[in-house]
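We did not get these values from a lab; they are worked out from the coordinates using the rules stated. Quantities reported herein were computed from a predicted structural model and do not represent experimental measurements. Backbone-built Cβ (ideal geometry, glycine too); neighbour counts: all protein chains shown.
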Amino acid sequence: MKDSNRPKSPEERHAAYQKGMDKRERQKAISIARYKKGAKRDVERRSRDEARKQQQTPEQIEQRNAEYAALPVGRILTRARTGILVQAEDHNLHWCRVPGKGSLAKVPVPGDQVRYKPSTETSDGWIEGIEERSSLFHRYVFGRIKEIAANMDRVLLIATPREPIVSPRLIDRMLVGAEVGNVEPWIVINKIDLFDSDELDTFSKPWEDAGYTVLRVSAETGQGLHMLLDELVGRTTLLAGPSGVGKSTLLNRLIEDLDLDTAAVSATNDRGVHTTTATQLYRVPNGGTVADTPGVREFYPVIHDAADLRFYFPEFQAEAENCHYNDCLHLDDSDGCAVKVAVEEGRINVDRYQSYKLIHASLLEGPTRGRAMTQG
Ligand SMILES: Nc1nc2c(ncn2[C@@H]2O[C@H](COP(=O)(O)OP(=O)(O)OP(=O)(O)O)[C@@H](O)[C@H]2O)c(=O)[nH]1
Ligand SMILES: [Mg+2]
Ligand SMILES: [Zn+2]
């Protein structure tokens with residue numbers, strides 16, 4: 001028998017547990033430090049850019065701007081270790097790279113419109129700049145901001161009550177992420193062939209109460225897919241959600257010729273197995289774009305001041321006007337809070353309010369890694 005397979009004594013198990021705890025604590029500290037360092041770096045970079053600009057003559061600046069404006073524009077379809085796949089306006093594809101570390105003010109992500117300099121010998125090129133974004137779906141991962149996709153009109157948050165079990169809290173976190181990033185969120189409940197309508201009603205209720213659009217579909221039977229396909233036409237839509245909910249299966253059903261990898265939910269722990277590994281954009285036949293994304297386990301929205309969270313729960317807004325204090329945070333100890341009254345009287349869904357309080361508490365802790373963020 002290999003030594004590592006030997007049954008462990010309680011003392012050994014405890015020591016291993018302690019070691020794990022230390023590691024988690026360390027990870028948390030690293031995450032917070034990174035977050036602070038990142039914020040400092042941004043400020044430094046901005047002042048460096050300013051200084052550089054001031055050293056240039058107006059003619060130099062004008063010439064640079066003209067050169068830049070003459071570069072072709074393309075859209076990033078995906079990122080891989082080998083490069084960034086850019087689709088030109090003539091639909092040709094170019095694998096591009098970024099000229100040097102720090103040469104761009106932002107990280108280029110799928111959905112970005114970029115200016116690129118084609119290489120003369122190959123079909124490759126260099127990304128010279130990123131155009132202004134209309135929206136950005138992003139989150140914190142290990143204390144760093146991770147941009148998922150830019151310029152999305154809508155995000156479909158795909159969920160299932162079971163197989164795999166999707167925590168409504170995770171969906172609430174992603175809803176906040178969409179509101180923060182200026183992307184319109186819809187909720188799409190997939191696999192309705194597996195559940196009766198009572199279960200589906202219970203699962204959908206908090207979001208329906210909050211006023212969000214909730215669709216019910218089945219990639220398996222095709223139920224609800226016509227409506228979904230119509231909605232994809234003429235816009236850029238991101239599919240997001242936990243692993244195993246059927247994002248890729250839905251896209252395969254909706255778009256002919258698409259053959260994305262999909263995989264069954266693990267029988268042992270009712271979780272997806274993380275089949276899709278990179279965000280990628282695809283063309284919708286009648287015009288439009290969809291993006292498939294890897295499944296998320298947890299979602300920490302990019303909000304720097306926890307007090308701002310209250311603005312990202314749309315159903316709170318009308319009630320909050322009647323709170324006694326203007327800066328009311330609608331928490332347990334908030335005096336004269338009209339949101340709390342609305343929860344008690346059933347005008348605001350109590351599950352959504354619980355999510356609000358939990359997310360608020362986690363924002364006070366800072367953007368660290370932790371499974372706990374999606375639990376509770
Ligand atoms: N019964 C049923 N099964 C479905 C449905 N849609 C997808 N599945 C199954 O769910 C499993 C997971 O589907 P995927 O499309 O790989 O899930 P995903 O969301 O892309 O997962 P990741 O890529 O890991 O994030 C596959 O075995 C699908 O066949 C559905 O509507 N009904
Ligand atoms: Mg997938
Ligand atoms: Zn209040």
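Here are the numbers for this structure:
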read-out: Test: THR293 is closer than 13 Å to GLY241 by Cβ and among the polar types (S, T, N, Q); value: yes
read-out: Wholly within region 209-296, strands (runs of 3 or more DSSP E) carrying at least 2 residues that are β-branched (Val, Ile, Thr); value: 236-240, 289-292
read-out: Check on ALA210, within 15 Å of ligand 1 (Cβ to nearest atom), over 20 Å from HIS138 (Cα atoms) and of a type in the set (A, V, I, L, M); value: no
read-out: Enumeration of residues in region 296-316 that are within 14 Å of ligand 1 (Cβ to nearest atom) and more than 17 Å from PRO185 (Cβ to Cβ); value: ARG297, GLU298
read-out: Qualifying residue in region 322-336 (condition: surrounded by fewer than 20 Cβ atoms within 10 Å (Cβ to Cβ), in contact with a Leu (Cβ under 9 Å, 6 or more places away or on another chain) and part of a loop (DSSP other than H, G, I, E, B)); value: yes
read-out: Any hit, region 181-191, residues being among the acidic types (Asp, Glu), at negative phi and not in a strand (DSSP E or B); value: no
read-out: The one condition in (1) within 16 Å of ligand 3 (Cβ to nearest atom); (2) touching a Leu at 6+ places or on another chain (Cβ under 7 Å) that VAL339 fails to fulfil; value: (2)
read-out: Positions within region 253-282 being away from ligand 2 (no atom under 13 Å from the Cβ) and within 16 Å of THR160 (Cα to Cα), in sequence order; value: SER266, ALA267, ASN269, ASP270, ARG271
read-out: Where ARG235 falls short, out of the listed (1) closer than 29 Å to GLY83 by Cβ; (2) free of Cβ contacts under 8 Å to residues at least 40 places away in the same chain; value: (2)
read-out: Members of region 137-150 that are in contact with a strand residue (DSSP E or B) (Cβ under 7 Å, 6 or more places away or on another chain) and within 15 Å of ARG79 (Cβ to Cβ); value: PHE137, HIS138, LYS146, GLU147, ILE148, ALA149, ALA150
read-out: Residues being within 16 Å of ligand 2 (Cβ to nearest atom) and in contact with a Leu (Cβ under 9 Å, 6 or more places away or on another chain) - total across region 220-244; value: 7
read-out: Test for LEU229: is it more than 21 Å from the chain's Cα centre (by Cα), crowded, with 16+ Cβ neighbours inside 10 Å and more than 30 Å from VAL339 (Cβ to Cβ); value: yes
read-out: Residue check, ASP209 exposed (fewer than 13 other Cβ atoms within 10 Å of the Cβ), out of contact with any strand residue (DSSP E or B) (no Cβ under 9 Å at 6 or more places or on another chain) and among the acidic types (Asp, Glu); value: no
read-out: Residue that is farthest from ligand 1 (Cβ to nearest atom) [pool: residues in region 267-295 that are among the small types (Gly, Ala, Ser) and over 24 Å from LEU77 (Cα atoms)]; value: ALA267
read-out: Residues of region 297-321 classified as surrounded by fewer than 19 Cβ atoms within 10 Å (Cβ to Cβ), outside any helix (DSSP H, G or I) and in contact with a Gly (Cβ under 8 Å, 6 or more places away or on another chain), total; value: 1
